[in-house]
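What follows is calculated from the coordinates using simple rules that are stated; it is not laboratory data. Note that this is a predicted model, so its numbers are computed, not measured. Note: ideal-geometry Cβ built from the backbone for every residue, glycine included; neighbour counts use all protein chains shown.
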Amino acid sequence: MDLPAITGALTAIKTATDIVQGVRTAENALNEAELKFRLADLMGSLAEAKIELSNLIEDVAKKDQKIETLEELLNNKDSIKKFGDAYYKTSTTNEPTEEPICTKCWEVAKLQVHLIGSPKRRDYMQCPNCKSDIRKSSIKGPTPSSRAGISTVPLVRG
């Protein structure tokens, strides 16, 4: 978390508390104009605290998302292995499962993007994200065309 933001929020809350205590103790001695001034100051301090706290909530949400992403990467680290020119999720026996994962996307951004049959070259597979082409013969694990029940021929609906 951002330490200056936390300090700012706590300072604004402390200021607001001090103002309220000042108004309470001197309520009878304050004239109407001074009371309005202190209340306006109080409103400003509370608004500042609210803004700081909403910024902190946003920061915490971003950090929670980052933690979740990193935990997922850590959990998948041991289950994704390279076979030939592609990565695969592996079984407990280290056998490739599913379709190949794009090498570039995995190594650069840790994205698990499955390769598909290239629309332009029959003997290649392509990453739908980065458009990298990988020759099917350099892929050692299962490809969509080699797995039972999976076809790389697009279905045409009419």
Report the one residue of LEU46, GLY22, LEU74 whose Cα lies farthest in the direction of the positive end of the charge dipole of the range 3-74 (charges on C-beta: Lys and Arg +1, Asp and Glu -1; origin at the Cα centre). GLY22
If amide H atoms are modeled at 1.01 Å from N in the peptide plane, then the residues at a separation of 5 or more from PHE83, or on another chain, having amide H under 5 Å from its own are TYR88
FRET efficiency, THR97 to ASP59 (Cβ-Cβ, R0 35 Å, nearest 0.05): 0.40
On the formula 1/(1 + (r/R0)^6), with r taken between the Cβ atoms of ASN76 and ARG135 and R0 of 25 Å, the FRET efficiency rounded to 0.05 is 0.45
Grab the Cα-Cα distance for ALA5 and VAL108, subtract it from 0.36 nm times how many residues apart they are, and report the gain in nm with one decimal. 33.8 nm
